[in-house]
Amino acid sequence: MHRLVKWLSRMSAVIGGLVLLALVVLTTVSIIGRELSKLGHAMSDGWLGGLILASGVDEINGSYELTEAGVAFAIFAFFPVCQFYGNHATVDVFTSALPRRALAWLRAFWEIVLALVFVFISLRLYEGMLRYLGNGETTLFLQFPVWWSYAASVGAAIIASLTAVYCAYARVIEAATGRMILPEG
């Protein structure tokens, strides 16, 4: 189970990274297109302005919609690897003086809470996806169904939930036995 969760969390992060990379390229191309279009309009009296306008260069229609959907997915795609490796931000000002065993139980407690939160969020996303699937709502410019974005986020959130539940289980075992199972953040 450990290797499967580790692999799923890593693959989720890789896919999230590829989506973010695609969004960076999309946004960059859209901004360049918009600026070239402005330049073409500003220089419309000259041959260069006419050439730019004739090329049809402009910002990419719907890039905001794609960015919104892609970033939502990427956020959920990065949670599993962060959870598996214990790299969430922590504030240990008051707990750093606790004994190792007490810290292990405290960590296990918060892992359980986080797992419950991830499962709750996944269920809410799933319900939202079903609502949008049922009402057929589409995005403004690209007219793609809104539920597609939810479905992608639900998939990543399920992987995050599975990872969080496994990590909670592993942290309880660690606290009970003193044996390390998960990597330290």
Margin query: Using a 7 Å offset from the Cα along the Cα-to-Cβ direction at both N87 and Y169, what is the distance between the two label points in nm, to one decimal?
Written below: 2.4 nm
Note to self: Roughly how far apart, in whole Å, are the Cα centres of the range 118-143 and the range 8-59?
What the structure shows: 28 Å
Notebook entry, point to check: So what are the ³J(HN,Hα) numbers for the range 28-39, from phi and the Karplus equation (6.51, -1.76, 1.60; θ = phi - 60°), rounded to whole Hz, Gly and Pro as x?
Noted result: 4, 5, 5, 5, 4, x, 5, 5, 5, 5, 4, 4
Item checked: Vicinal HN-Hα couplings computed from phi for the range 139-147 (Karplus, 6.51 cos²θ - 1.76 cosθ + 1.60; Hz; Gly/Pro x) -> 6, 5, 8, 7, 6, 8, x, 5, 5
Item checked: Amide hydrogen neighbours beyond the local backbone of F144, cut-off 5 Å, H modeled -> T139
Checklist line | Cα long-axis angle, helix 63-84 against the chain (0 to 90 degrees, to the nearest 10) | finding: 20 degrees
Notebook entry, point to check: Once both labels are modelled 7 Å past Cα along the beta-carbon direction, what's the F141-L18 spacing in nm?
Noted result: 2.5 nm
Item checked: Answer label for Cα Rg over 2.2 N^0.38 Å (calculated), chosen among [x] 0.98; [y] 1.43; [z] 1.10 -> [y]
Notebook entry, point to check: What FRET efficiency comes out for the pair F120/D45, r = Cβ-Cβ distance, R0 = 45 Å, nearest 0.05?
Noted result: 0.15
Margin query: Explain nothing, just compute: Karplus ³J(HN,Hα) = 6.51 cos²θ - 1.76 cosθ + 1.60, θ = phi - 60°, for every residue of the range 110-115 in order, whole Hz, x for Gly and Pro.
Written below: 5, 5, 5, 4, 5, 4
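Rule-based calculations on the coordinates, nothing more; no lab input. Bear in mind that the values here come from a model prediction, so they are computed numbers and not experimental data. In this analysis, Cβ positions are derived from the backbone assuming ideal geometry, glycine residues included, and neighbour counts consider all displayed protein chains.
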